[in-house]
Amino acid sequence: MKNLAAENTNTSLLTLNELLEAVCGSVVGNFDSSLFSFKSVVTDSRRVVPGSLFVPLIGEFQDGHKYIPQALEKGASVVFVARCAFEKSSEEFKKLAENNPKTAFILVENTLYALQKAAGRYVEKFPDLIRVSVTGSSGKTTTKEIAASVLSEKYNVVCNKGNLNSETGLPLSCFEIRSENQVALLEMGMNREGEIGELAETFKPQFCAITNIGTAHIGKLGSRQKIAEEKKKIFNFLKEDGTAVIPESDDFSDFLAKGVKGKIVFYGKNVKNNGIEFLSDDGIDGTSFKLDGETVHLAIPGSYNYLNALAAVELGRALGLSSRQIKNGIEKVKPLNGRSRILKGKYKILEDCYNANPDSMEKALEFAGSIKFSGKKIFVLGSMLELGQESCEAHKKAGLEAVEGGADMIVFVGKDMLSGFECAKNCGQRAENLRLEYFEHSDEDSIRKIAEIIKKFAVEGDFILLKASHGIALERLVPLLNGGGTENA
């Protein structure tokens, strides 16, 4: 088998000894340590390039070890091997090591935890790096992006690409840090109990913000209390000179603040004497407010995004930015694809379909209902996934909130949204003049039919809200309705 592993250079992200010590690993076979080097880290064999460390993960349905040959063909210079996989096929792995003498095969107990430990050791190589993290049930990616724009007014900032914030995404993001970076801003997501604690141990943030404690993943953790306990672990490694930024209006704010080392800063609309004054909700054009006398305009619509901006303000203040720097950073922010993005074309479309949970659904419907608008309002609502036993009640509530939001037509999409559709139909007089549609699936044919129904009902200039979990893929409606549209500046 041909191996394209790069020759050793002095640019390896970790030395062999550093890596072995971090992951409690051992080398398989008689590898020449003078050849050791890796310049990138991947968990997907398709992303391997010459000089990559390939980490084969073991999941419920997949075992990444079977892709090691492909990784070697593409030039992986280091490969982790889980002890359980090695014990099953030790001769096969020894032969792979023998046939690929320029690749270091490192035996570890658990490849996921080895990835995290290796990332943690890599972060330690930058003692002067300022480490900042954001988590929360919703709004964390938007908050991270606003904070990144703000902090970039003073610092060289590196942050997660997209939402690489998981048990694998965050450690992979750690390996993107370079010596020129002064701040690493990493978002932390959660799909299971214990995950935030693991990520905090890997990155050890010094400045942290929590957006809210909601119901995202409540089907896996069981209660908001459990979610709060897990999110609070972002503060586990905070020291006295660090800062915890906490939402003042969240009913778990006192719990989040209790016992936290370092400075605690509360943010929110009702916080007094913080130099922030709300000016106006500018509807689909965003929000205006004053910061220490400076007028600031946030282009992302919705009061919930104003709160995300306030969290970013406090992170900026904690890291020594001036009010003018914070203002400039906020005013450079544009919405991310799928997150509260206004698209102007034949229709005004609010595309907010990257993620959905009961909290973000409620906020989106509250915003859509609050905007003053002379034309029709059309809501297209897709299923909120991963809610477990809470799903039926959550979708019923969404159906009721949609009816109360002043829509002229509501289209419900997805099996889970059937309960929302049924609830809306039973709203009596409030739903009498409201057109209701339901589609069980979100396949291509259904998406085309939804677009056709909307175009027959709507006229130019009408407002359309698209809100759903990413798996429903409602963003496919945008080119069918607006031909792509133009993003609001």
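Relative to the present Cα-Cα distance, how much length would full extension add between GLU404 and ARG178 at 0.36 nm per residue of separation?
Numbers: separation 226, 0.36 × 226 = 81.36 nm, distance 5.01 nm.
Net length gain for the segment: 76.4 nm.
Its Cα gyration tensor gives the stretch 339-393 an equivalent ellipsoid. The semi-axes, each the square root of 5 times an eigenvalue, are 24, 12, 9 Å from largest down. Taking trypsin sites (Lys or Arg not before Pro) across the stretch 182-233, the ones in a DSSP loop with at most 14 further Cβ atoms lying within 10 angstrom of their Cβ are ARG192.
Compute the orientation-averaged projected area for the stretch 88-208 from the convex hull of its Cα atoms and round it to one decimal in nm².
Working: hull surface 36.9 nm².
Projected over every direction and averaged, the Cα hull of the stretch 88-208 covers 9.2 nm².
Ratio of Rg to Rh for the stretch 208-352: 1.00 [Cα atoms; Kirkwood radius as inverse mean 1/r over pairs]. All Cα-Cα separations within the stretch 16-110 were binned at 10 Å from zero, giving a P(r) of 18, 56, 25, 1, each value a whole percent of the pairs. Over the stretch 49-103, one equal point on each Cα, no solvent: what is log10 I(q)/I(0) by the Debye formula at q = 0.18 Å⁻¹? With one equal scatterer per Cα and no solvent, log10 I(q)/I(0) is -0.56. Over 27 Å between Cα atoms: which of LYS220/LYS415; LYS261/LYS467; LYS125/LYS334 fall into that group? With Cα atoms farther than 27 Å apart: LYS261/LYS467; LYS125/LYS334. Note on PHE373 and GLU393: with the Förster distance fixed at 30 Å, the Cβ-Cβ geometry gives a FRET efficiency of about 0.50.
With a Förster radius of 60 Å applied to the beta-carbon distance between GLU294 and GLU92, the computed FRET efficiency rounds to 0.40. Adding -39500 (n - 2.57) for every DSSP H run of four residues or longer, then dividing by how many residues the chain holds, sets the calculated 222 nm ellipticity at -10000 deg cm²/dmol.
When DSSP assigns beta bridges and you keep just the ones with both residues in the chain, what percent turn out antiparallel, to the nearest 5?
Working: 19 of 69 bridges.
Looking only at bridges with both residues in the chain, the antiparallel portion is about 30 percent.
Under 20 Å from a label point set 7 Å out along the Cα-to-Cβ vector of GLU109, the amide N atoms of the stretch 157-187 belong to 167-168, 171. Look at the dipole of the chain built from charges on Cβ: of THR168, LEU365, LEU298, the Cα furthest out on the positive end belongs to LEU298. Averaging over all projection directions, the Cα-based convex hull of the chain occupies 24.3 nm² in the image plane. Charging the Cβ of each Asp and Glu at -1 and of each Lys and Arg at +1, and nothing else, the dipole of the stretch 16-110 about its Cα centre rounds to 300 debye. For the stretch 53-156, a simple Cβ point-charge model (Lys and Arg +1, Asp and Glu -1, everything else neutral) yields a dipole of about 200 debye relative to the Cα centre. A cut-off under 12 angstrom between Cβ atoms defines the neighbours of GLY461, and their net charge, with Lys, Arg +1 and Asp, Glu -1, is +3. Taking a sphere under 12 Å around the Cβ of VAL23 and counting the other residues whose Cβ falls inside, with K and R at +1 and D and E at -1, yields a net charge of 0.
Quick one: compute the contact order of the stretch 16-110, relative version, from alpha carbon pairs under 8 angstrom and 6+ residues apart, as a percent.
Values: 167 pairs, mean separation 32.1, N = 95.
Relative contact order for the stretch 16-110 comes out at 34 percent.
When +1 charges are put on Lys and Arg Cβ atoms and -1 charges on Asp and Glu Cβ atoms, the dipole computed for the chain relative to its Cα centre reaches about 600 debye. Residues ARG47, ARG178 ordered from highest to lowest accessible area at a 1.4 Å probe: ARG47, ARG178. In whole angstrom, the stretch 269-387 maps to an equivalent ellipsoid with semi-axes of 27, 16, 13, each derived as √(5λ) from the alpha carbon gyration tensor and ordered largest first. Straight Cα distances below 23 angstrom link LYS95 to the lysines LYS2, LYS66, LYS74, with same-chain residues fewer than 8 positions distant left out.
Ranking LEU474, LEU385, ILE410 by how far each Cα lies toward the positive end of the dipole of the stretch 369-489 (charges on Cβ) leaves ILE410 at the top. Scanning the chain for DSSP H helices at least 15 Å long along the axis (C-alpha atoms) with a Kyte-Doolittle mean no lower than 0.5 picks out nothing.
A P(r) calculated from all alpha carbon pairs of the stretch 341-482, with 5 Å bins opening at zero, reads 2, 11, 23, 26, 22, 12, 3, 0, 0 percent.
Exactly which GluC sites (Glu not before Pro) in the stretch 169-276 are in a DSSP loop and have at most 11 other Cβ atoms within 10 Å?
On the way: sites: GLU176, GLU180, GLU187, GLU193, GLU195, GLU198, GLU201, GLU229, GLU230, GLU240, GLU248; in loops: GLU176, GLU180, GLU193, GLU240, GLU248.
Counting only loop positions with at most 11 other Cβ atoms within 10 Å, the GluC sites (Glu not before Pro) in the stretch 169-276 are GLU180, GLU240.
Taking chymotrypsin sites (Phe, Trp or Tyr not before Pro) across the stretch 172-252, none is in a DSSP loop with at most 14 further Cβ atoms lying within 10 angstrom of its Cβ.
The values are calculated or read from the model by the stated rules, or taken from the named source; none is laboratory data. None of these values were measured; they are calculated from a predicted model. Because the Cβ atoms are built from the backbone with ideal geometry, glycine has one as well, and the counts that use them run over all protein chains shown. With ligands, DNA and RNA removed, areas are computed over all heavy atoms of the protein, side chains included. Shrake-Rupley method; radii C 1.70, N 1.55, O 1.52, S 1.80 Å.
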